[in-house]
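In what follows, a structure is listed as structure tokens, so that the remarks can point back to it.
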């Protein structure tokens, strides 16, 4: 048996509110994802600038000690490789943080 229209108003309003909230949530999330991708593309396009940042940091001896230690580990004891591995790790970190 069908319910009278006044009993259907509340469930219909709740459904509309839920669907509207879901729509807003997903459109907001999509916008944030698109913004993050755009920022990462900007950083990637400015590749040489990233290396300039790293070069200045190295000149000023402002290294990330945790990354340097990780580079030492990845060099398998070869001190000649530590700096180049550090640069690769730092570049990835800068791109990730952008």
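So which of 54, 44 is touching a helix residue (DSSP H, G or I) at 6+ places or on another chain (Cβ under 7 Å), modelled with pLDDT of 90 or more and surrounded by 11 or more Cβ atoms within 10 Å (Cβ to Cβ)? Lay out the reasoning, then the answer.
On the way: 44 fails: modelled with pLDDT of 90 or more.
When all the criteria are applied, what remains is 54.
Taking first residues from the range 42-56 that are closer than 16 Å to residue 84 by Cα and in the same structural domain as residue 67 (by TED's automatic domain parsing) and partners that are modelled with pLDDT under 70 and assigned to a helix (DSSP H, G or I), the Cβ contacts under 7 Å between residues at least 6 apart in sequence or on separate chains come to 50/43. Only a single item in (1) modelled with pLDDT under 75; (2) surrounded by 10 or more Cβ atoms within 10 Å (Cβ to Cβ) is not met by residue 21, and it is number (1). On the stretch given as the range 57-68, residues that are outside any loop (DSSP other than H, G, I, E, B) and exposed (fewer than 10 other Cβ atoms within 10 Å of the Cβ) total 2. Looking across the range 69-88, the residues that are assigned to a helix (DSSP H, G or I) and buried (at least 16 other Cβ atoms within 10 Å of the Cβ) come down to 71, 72, 82, 85, 86, 87.
The values are calculated or read from the model by the stated rules, or taken from the named source; none is laboratory data. What you are looking at is a predicted structure, and each value in this text was computed from that prediction instead of being measured. Ideal geometry is used to build each Cβ from the backbone, glycine not excepted, and the neighbour counts take in all protein chains shown.
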